[in-house]
Structure formats: C-alpha cells, structure tokens
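Only one structure is covered here, and it is reproduced in the block below.
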Amino acid sequence: MMSILDIIKDTNITFEQRVLGLARAAENSLDVLKMTDYVKEYREAGIICDLFEGNAPYRPRYILPDYDKFIKEGCEFLNIAPPTDIWEATNNLLMFYKHVPSITTMPVYIGNIDYLLEKFVTDENEEESYRAIKLFLKHIDTTITDSFCHANIGPRETKAGMLILKAMRELELPTPNLTLKYSKETTDRLAIESINTALVTAKPSFAKDSMYREDFGGNEYGIVSCYNGLEVGGGAHTLVRVRLGRLAKKAINKSDFMERVLPELAHEMLGYIDERIRFILEESVFFKVNFLVAEGFIEKEKFTGLFGMVGLAECVNHLMELEGNSGRFGNNDLANKLGEEIVKALTKILKDHKCKYFDREEKKHLLHSQVGIETDAGESPGCRIPIGEEPEIFEHIVQASPFHKYFASGIGDIYSFDETYKKNPQAILDIINGGFNMGLRFFSMYGNDCDVVRVTGYLVKKSEMEKLDQGKVVLRDTTILGKGARDNGRVLERKLRKK
Amino acid sequence: MRRAKINKIIKFSNVDGPGNRMSIFFQGCNYNCLYCHNPETINRCNSCGACVDSCPAGALCIVDSKVCWDKKLCVECDLCTEICMRNSSPKTMDYSMEELLEEIKKVSGFIRGITVSGGEATLNYKFITELFKEVKKMGLTTFVDTNGSLDLREDIYSEFIRATDKFMVDMKVWDEKAHIDLTNIDNLIVKKNIEFLGVLGKLYEVRTVIVPEFLDNLETVSEVSRLIGGINSKNQSGEDIIYKLIKYRQVGVRKEILDEKLLEISSPRDEMMEELSKLARSNGVEKVIII
Ligand code: SF4
Ligand code: SF4
C-alpha cells in the first residue's frame, strides 16, 4: 500500500484517483474484520486475496439497481420525475448513475440501456435520439472513468440498441463495457451489427441468455463489471478469490490437494466471505440508510457473495508434474479433466455451504472465474489457458466449454480476430453459435487492429497505455491496470484468429 | 473404397464462401501458373526422397520406398516443400471418404458448410460428388473453388453439379494469349463455365488476382464484370454473383521461375483496387469485394 504522502505526490494519477486512493488508505488503517489464523496467513501469502476491497467494507462490491423501476417511477430522494423524452431519459440516468456506489465507487452496472431508452426512440426522432445517445455514452466515458462500468443490450432488437451500437463504433471509447444478451429472440441483424461493432471497439461480448436465465431461476440478471452475472435489484456483497497456482504448492501430491488442501481452503475462504458480508450487513449502515434500498431499487435478499478463482492452469500443471505427467492444461485431456475435477469439487463445497446472512435456504455464494489483476504475474485468469499456449480456436472452444456451466457468475475467454473477419462477420456468428451449442455461456472478441482492446475483462485503449508509458496522467484508472496486465500478463499476445 | 490426396484442411475459414466454413485442399493441379501461391499443391509426390534429410524435426522418413510424414513431429517450417523440385509436398494426407466425413463431423456445429479447393479440386469430382451427398445430409452447404478449366457442361459432370450448391471460379486474365502464357492452357472453357454456372444459379463468385504492370487488369475486370453484369440482370432469384478482386502479394510465390520483372512487382495500391471496383460496379456487378 502506498503511504498517504505517496498518494498525494503521485504524478501519474488524476484528482479523482487521488481522492479514491486516500479514502482507501483511510479504510485500510482499520482492523475490524475477524479473521482466523489460516485466513491471515493465506492472505499474507497472496493465496487468498480480496482484490483491494478494503478492510472495512462500507458498501457492497457490485450493485445492480432496478433501472426499469427508476425510468417508470423516478426517484424521490433525488427528486427526479419519470422522463417524457429521450433527453430526459438519458439525463435522468446520468444523474442516477452518480449515486450508484461500488467497489470502485463508480457504477459497475448501468442497465439494459437499449430497453430503458427504447420507448423514447421513434422513427421520427431517430436523428435526435442518436445525438442524445452519443452524448449519453460520451458523458459516461468521461465521468465514469473506469471500464468496469458495464451496460447490457438485447436480446430483442430495438431501435435504441442499433443506435447504441452505431454510436459505439463511431466513438471508439472503452467505457461503458457492453454485453449483448443473445437468444433465439435476437435477430441476425442485431447479432451481425454487434460483431461489426466488436471488431472495431472490442464490445459487445455475447452472453448466452437461456443459460443465465436458468441459473438465475428466471429472475432478471445483468452482466456487470468484467463479465459477472448477477441478479438485477441485487448484486454481490464481496468477491474474494483464491490463487490456485500458489495453493497447489501446498500439496504433496494430487490426492493431498483434492482431499485436504482444496477443501480446507474453500471452507476458510467461505468463512472469510461471510465475515465480510456480516460487516456490511451488521456494522456498516449501507442497507439501513441508502436511498437505493429505501426506495426499493435494490433488496438485500438479492445479493450474494462471490467465490473467485484464478490460476487453474498453473494449479493443474503443477499437480500434473507432481504426478509425473507432462501434459499441460489446455492441450492435454488428462490435464483438462483434472481441471474440471477441481472446479466440480469447489462447486459441491459452495452448494453445501450455508451463509447465515442469507434469508433464503437456497441462496448460495456463486463461483466466479476471476480474470486476475495487473500484478498476477505467473497466474492465468480463471480457467483460461495461458496466453501463447492456446490451441486452434476450434480445439480452444471444445476445451473451454465444459467449464462454463459451473460459473453462473461469470467466465469467459477472449478471442482476437484478424481484419479479414470484418468482411465476413457471419463467420464469427457461426463460431459463437457453435460455441453456445457446445456449452459456452460467454464469448468476447476484438479485432487485433483496434485501439480499444479487451484486457482481461475490461477494456482499454492501446494509445492511452502508450501515454502512460511516457509518464503522462490518464483519465481512466483501468488504463493503469491494463498496462500492468500487458506488461505482466502478455495480454496483447493473445493468439490471433486468422483464416 | 474411394480415397483422395489432401494437401491440407483448414477447420475454420472465413474467405471461402459465406460464413464459417471448413476448407479442404486437394492435391494436384492441371495449371502451372507463374504466380502460384501454393506451388506445392500442383503435383503428386513421387517419393524421390530429396526432402527427407532437410527436415529439422525428423518428421519425414522413407518406409517401403515411400516417403512418410509424421504430423505430430512436424513444426510446419515448410523447408521440405521449398526443396521439392516437383512442386509437391511430402505432407499430403490420404483420406478415405469415411475419415474425411469424420473430420467434418467434428466441426459441423461451427460451420455452415464446406468448400473444396486445391490444387484443382474438380480433378477429384467423383470423390467430391459422393462426399457432398453425405455432407448435405448433415445440413451443410457445399462449395467448390475451381480454376474452371474442365468443361462442366459435359454430361459426366451433371451429378457433381447437382451435389454442389455453389461454385467459385478463378478468372485469371481475359486475353487468351496472356492466359496461355500464364497457365499453359487457354481460357475459353473458363468463360463458358462462368456463363453456364451463372445462368444455372450455381455461381457464387468470380475471382481475379490483380497484378499491376504484368497483366492487363483493366481489360480483365472490364470484360469479366460485363459478363457477370449480363448474367445478374437476367437472374430472377435475386442472389447476385460476387466479383472478388484479390490484391497480388508476393508471399509464397516461387522466386526461381519469376522473371526479374514480376519479382519487382509490388501489391497494387488501394486506389487502383478502388478504381477497378468502381469500373466493375458500373458494368452491373452489385457486389464487388476487395481483399
Ligand atoms: S514442414 Fe517439412 S521440413 Fe518442416 S518440419 Fe514439417 S515435414 Fe519437416
Ligand atoms: S515432396 Fe518432393 S522432394 Fe519430397 S519426396 Fe515428394 S517429390 Fe521428392
């Protein structure tokens, strides 16, 4: 952690980043969470990691307000009446967003923006709507200076959705991130328009709508932050993750890992997740005083906890070595099977765990295939194959798809395509359809020749990273994270999909 | 049981017809174009053995006086094909119909069809006809990429044409003499094939490689687009024929048989491609694609 004076003197950050850094430093001067010796030791060793969530959580990590309700009813606390046209609608949302907290202090979810705006877009005012939408997006990019901010569109084609895609292609901005909920309802036109947009500006990603609907029991869900699936009107209190690559080093062999090391870790980590939730619900006052709760934009019952994991590949490779096997994760059946075994074991432990702060018995913590952070040298994101070792795209999808069913709250691979695909976006749609039929739930792509690229889950501009290389201040804090991932995780060397 | 020599298979291709397709390249060609980009697909290997020692990976060996290739050891350095004086490759695979169908089945969920290419695929038309009949049962479309040199109007090809959804035909150069200089064969049949397949509704696209200064690109594009435009205007089905203009690139071209002049030629400028595309459009081709 940086000292307070370091934060004040840092020449690489903006004013807002400085204020945020100071708030973090203040929070971290406290020591109020109860931790077992195990958790303390493993946190210290960087095996359990709460992703800089802070020592005294005073708001949930991810919040998904019910924006639909806001558009229909307005907000009493903010003194905002329901909108009557596209200008009021976009302006109302922008005002509301400033009051939606999260771990980054900025909203990580800004709604199914096409559905929210659609009733204000008509054939007659299309041009005006386009201007409003462009200003809306530009405003978000400039004021929510963090690419974990995520919007959704679809599955139905709407006029607003098509305008949003067009504006994003034109603006080429990293924020907000975007996901298309893709289902049988989605027209080919919307899907192709989405692919064309993704090849220019690395978004939207595609989410398999039917799979999420099933996992969330038919409740409304949103894709937020990098690609976390969560319930609308709720969110996630916290995300704690394990670095499996490092954890594997604690085992003497494979069965020791499966029978002792992994279950012990999981139970301890779940205890820590529960402790963080306890603090949010019982000691911090967020759920007691915040207007989002008071006016019913969010409900405590719709929140969950996230159990994150990174470095499955390194974990498997290490265990394979311990067993005297040379096969590597991603390119060997035995190694891939072992990877799935590990995830299955975690799934079972999560299912059997009861968090006493959830009202409903069926409510569980969700597994999240976390993408890592900029300092994760030597640990691959979630269940991904190490960059550079990826097999051909077909084998890659076949390898990745069995893992997706375990991760209701997010997993994804990123495929980078060369420019020839711009002439034949249908080819990418065929690949996405094939992948979804095979079991994938999430698919991200970008064009290798673009300025905006997807790092691990969020987006950054290559040109902004270069600015940072030269020691200049940049607007978005995610650019700093992106530069770290580029330097430590080789994320720009992801295998290119040529013809 | 029928078998075929396959030079390579690309599981996912985005340049060989609509959507994502599996491309199967057959070994063997009846042309020998000066600027061929895949000269190793022209002839069949006679197992002379000259390439065996060149392999740095130990992927080649001779068994029963036949050259064998171990795909698992191969590092795709292409030294063997460079050394081969016969315009062949030791890396071809011998597939039975069943084995090939098995390969297609694996990826069938991700593709909307298959495209056979070459070498010159149509030299294997009997094998392909049978293959296509099976492939169609999987709900996939069947495309053929051809130099158009066989007279497809002849009766013996009728079943092959029925099994094929669409053809993609190369039209290298319009002038007959230039065509003979380039390929050793005249192009009368190619022109007839374009007309014949076009009227049948079986022509997906015509392709021309633009080589500045070396070929009369202007004449070729002008004549071909007039031909396509004429067919398009008669076409009731509404699916226009694509004219694809391909930029010449030096990659893969055999340096030793090019004369000085062709070696110096660089890829055409974008403005030139745009002008040719405009010309094609003005002659009635709606869909012109530059790659
Ligand atoms: S390409 Fe040819 S020379 Fe190179 S490793 Fe493969 S077989 Fe050997
Ligand atoms: S590929 Fe060429 S060099 Fe090698 S054995 Fe065959 S004909 Fe001879």
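Sort out which residues of region B:17-40 are within 16 Å of ligand 1 (Cβ to nearest atom) and touching a Ser or Thr at 6+ places or on another chain (Cβ under 7 Å), and write them in order of number.
Residues satisfying the conditions are B:PHE25, B:GLN27, B:GLU40.
Select, from A:GLU214, A:GLU193, A:GLU172, the only residue that is out of contact with any strand residue (DSSP E or B) (no Cβ under 6 Å at 6 or more places or on another chain), open to solvent by 50 Å² or more (accessible area, probe 1.4 Å) and among the charged types (D, E, K, R).
From the options A:GLU214, A:GLU193, A:GLU172, the qualifying one is A:GLU214.
I need the full set of residues from region B:54-81 which are near ligand 2 (Cβ under 10 Å from one of its atoms) and either assigned to a loop (DSSP other than H, G, I, E, B) or open to solvent by 60 Å² or more (accessible area, probe 1.4 Å) (or both), in order please.
B:CYS55, B:ILE62, B:LYS66
For A:VAL473, which of the numbered conditions (1) of a type in the set (A, V, I, L, M, F, W, C); (2) within 14 Å of another protein chain (Cβ to nearest Cβ); (3) open to solvent by 40 Å² or more (accessible area, probe 1.4 Å) fails to hold?
Result: A:VAL473 passes all but (2).
Looking at (1) within 14 Å of chain A (Cβ to nearest Cβ); (2) away from ligand 2 (no atom under 16 Å from the Cβ), which is the only condition B:ASN30 fails?
For B:ASN30, the exception is condition (1).
Considering region B:111-165 alone, what residues qualify as being within 14 Å of chain A (Cβ to nearest Cβ) and either assigned to a loop (DSSP other than H, G, I, E, B) or over 17 Å from B:GLY198 (Cβ atoms) (or both)?
B:ILE111, B:ARG112, B:GLY113, B:ILE114, B:THR115, B:SER117, B:MET138, B:GLY139, B:LEU140, B:THR141 - these are the residues of region B:111-165 that are within 14 Å of chain A (Cβ to nearest Cβ) and either assigned to a loop (DSSP other than H, G, I, E, B) or over 17 Å from B:GLY198 (Cβ atoms) (or both).
If the Cβ limit is 6 Å and pairs must be 6+ apart or interchain, which residue in region A:421-437 that is under 10 Å from A:PHE206 (Cβ atoms) and more than 7 Å from chain B (Cβ to nearest Cβ) pairs with which residue that is modelled with pLDDT under 95 and part of a helix (DSSP H, G or I)?
Qualifying pairs under 6 Å: A:ILE428/A:TYR421; A:GLY435/A:ILE397.
Quick one: is B:VAL224 more than 17 Å from the chain's Cα centre (by Cα) and surrounded by 15 or more Cβ atoms within 10 Å (Cβ to Cβ)?
Taking the combined requirement at face value, the residue satisfies it.
Of the residues that sit in region B:1-15 and are among the charged types (D, E, K, R) and within 13 Å of chain A (Cβ to nearest Cβ), which one is farthest from the chain's Cα centre (by Cα)?
Once the filter is applied, the top-ranked residue is B:LYS11.
Please specify each residue of region B:53-76 satisfying the condition of being more than 14 Å from every other protein chain (Cβ to nearest Cβ) and more than 9 Å from ligand 1 (Cβ to nearest atom).
Once the filter is applied, which keeps residues that are more than 14 Å from every other protein chain (Cβ to nearest Cβ) and more than 9 Å from ligand 1 (Cβ to nearest atom), region B:53-76 yields B:ASP53, B:CYS61, B:ILE62, B:VAL63, B:ASP64, B:SER65, B:LYS66, B:VAL67, B:CYS68.
Hand me the list of helices (runs of 4 or more DSSP H) wholly inside region A:268-334 holding 3 or more residues that are touching a residue at least 12 places away in the same chain (Cβ under 8 Å).
Ranges flagged: A:291-294, A:312-322.
Here are some residues: A:THR84, A:THR14. Which one is more than 27 Å from the chain's Cα centre (by Cα) and among the β-branched types (Val, Ile, Thr)?
Result of the check over A:THR84, A:THR14: A:THR84.
I need the full set of residues from region B:82-110 which are part of a helix (DSSP H, G or I) and within 15 Å of ligand 2 (Cβ to nearest atom), in order please. Break it down stepwise before answering.
Kept after step one, since they are part of a helix (DSSP H, G or I), are these residues of region B:82-110: B:82-83, B:97-107.
B:GLU82, B:ILE83, listed by residue number.
Any residue that is within 16 Å of ligand 1 (Cβ to nearest atom) and within 14 Å of chain A (Cβ to nearest Cβ) - is there at least one of those in region B:85-107?
no
Among A:LYS288, A:LYS250, A:LYS254, which is the only one that is more than 22 Å from the chain's Cα centre (by Cα), within 30 Å of A:ASN79 (Cβ to Cβ) and of a type in the set (Lys, Arg)?
So the residue among A:LYS288, A:LYS250, A:LYS254 that is more than 22 Å from the chain's Cα centre (by Cα), within 30 Å of A:ASN79 (Cβ to Cβ) and of a type in the set (Lys, Arg) is A:LYS288.
Of all residues in region A:71-113, which are at pLDDT 95 or above and among the small types (Gly, Ala, Ser)?
Across region A:71-113, the qualifying residues are A:GLY74, A:ALA81, A:ALA89, A:GLY111.
Collect the residues in region B:181-205 that are part of a helix (DSSP H, G or I) and surrounded by fewer than 17 Cβ atoms within 10 Å (Cβ to Cβ), keeping them in residue-number order.
Filtering region B:181-205 down to residues part of a helix (DSSP H, G or I) leaves B:181-183, B:188-200.
Within region B:181-205, B:ASP181, B:LEU188, B:LYS192, B:GLU195, B:VAL199, B:LEU200 qualify.
Out of A:ALA377, A:ALA345, I need the residue that is under 25 Å from the mean Cα position of the chain (by Cα) and at pLDDT 90 or above. Which one?
A:ALA345
The values are calculated or read from the model by the stated rules, or taken from the named source; none is laboratory data. Predicted model only: the values in this text are computed from it and were never measured. A quick note on method: Cβ atoms are made from the backbone with ideal geometry, for glycine too, and the neighbour counts reach across all protein chains shown. In case anyone asks, the SASA skips ligands and DNA or RNA and just uses the protein heavy atoms, side chains included. Shrake-Rupley method; radii C 1.70, N 1.55, O 1.52, S 1.80 Å.
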